[in-house]
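Let me begin by presenting the structure, written as structure tokens, before commenting on it.
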Amino acid sequence: MTEPATRRRVLINLGVAVVLLVTASKAEITLPGGALENIAADAWPQFLEVHLNEAACGPRPAVTFRYTVTPAEKDLSKTYTIERPSPVPGLTKMFLPVFQLYKGLEFSDQREGCLVAAYRVTELTRLPLLLGAVLPPDWATLPLHQRLLDWEPERPAYK
């Protein structure tokens, strides 16, 4: 009889990947609500970066990375919602890889100044793994790892 797998604390170190993302060369997307144009079929996936100014947005701003849905394909659309506003001013940056059926960006908040810019990362060779991420304005002062709480055992409450 085999023993059940034990849970271990797993930390994913995002430090190097985040620095590479933030410093990567980019091209501005002039029409964020539309499909990416002039992308060769063998140049997919692409990697997008969206900048929001939370101070100019309403509560719970959201960005949807929308896909064209065909009967044979699953909808790959992904929505990022900012649930907790940042306590510091600055830009919130969202990153997500997109694939060939990518249709465009949709924004829950159309207020002027909420969307600052959208970019396509043009140099992906330094990024071997394209991970989606949302970075608040003070991301550089926060821990650069994610705790996987579903994999961790319950801890007793401290008194």
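The values are calculated or read from the model by the stated rules, or taken from the named source; none is laboratory data. Computed from a predicted model, the values in this text were never measured in an experiment. Don't worry about glycine lacking a Cβ; one is built from the backbone with ideal geometry, like all the others, and counts go over all protein chains shown.
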So which residues in segment 81-104 are surrounded by 13 or more Cβ atoms within 10 Å (Cβ to Cβ) and in contact with a helix residue (DSSP H, G or I) (Cβ under 9 Å, 6 or more places away or on another chain)?
Ile82, Pro85, Ser86, Gly90, Leu91, Thr92, Lys93, Phe95, Gln100
Could you tell me whether any residue of segment 71-80 is assigned to a strand (DSSP E or B), among the basic types (Lys, Arg) and surrounded by fewer than 16 Cβ atoms within 10 Å (Cβ to Cβ)?
yes
What is the one condition in (1) of a type in the set (A, V, I, L, M); (2) modelled with pLDDT under 90; (3) surrounded by 17 or more Cβ atoms within 10 Å (Cβ to Cβ) that Val22 does not satisfy?
(3)
Selection over segment 34-53 where residues are surrounded by 13 or more Cβ atoms within 10 Å (Cβ to Cβ) and either polar (S, T, N, Q) or more than 16 Å from Phe95 (Cα to Cα) (or both) yields a count of 4
Considering only residues that are among the small types (Gly, Ala, Ser), farther than 17 Å from Lys26 by Cβ and at pLDDT 90 or above, which ones fall in segment 74-119?
Ser77, Gly90, Gly104, Ser108, Gly113
Filter segment 105-145 down to the residues that are β-branched (Val, Ile, Thr) and under 14 Å from the mean Cα position of the chain (by Cα), then identify the one that is surrounded by the fewest Cβ atoms within 10 Å (Cβ to Cβ).
Val134
